[in-house]
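First comes the structure, then the notes that go with it.
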Amino acid sequence: MKSKVHFWTLEVLMVVGIIFICTKISFLFQPIGIFISTLFFPILIALFLYF
């Protein structure tokens, strides 16, 4: 049986690894963020005004 220390060490290392990888591929997330921010607010306002 694995100890809790082993489990939490692996969890922390995985989270740090994911954050590190996401900082290296931020050029992929930037266009997605711009696309969502461009479409989200007009659609939200249109839905609010529709109802």
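The values are calculated or read from the model by the stated rules, or taken from the named source; none is laboratory data. Computed from a predicted model, the values in this text were never measured in an experiment. So basically every Cβ, Gly included, is an ideal-geometry build from the backbone, and we count neighbours across all protein chains shown.
Brief remarks follow.
- All of Ser3, Ser37 fail the test of being modelled with pLDDT under 90, within 24 Å of the chain's Cα centre (by Cα) and polar (S, T, N, Q), apart from Ser37.
- Residue in region 9-20 that is surrounded by fewer than 10 Cβ atoms within 10 Å (Cβ to Cβ) and in a loop (DSSP other than H, G, I, E, B) present: no
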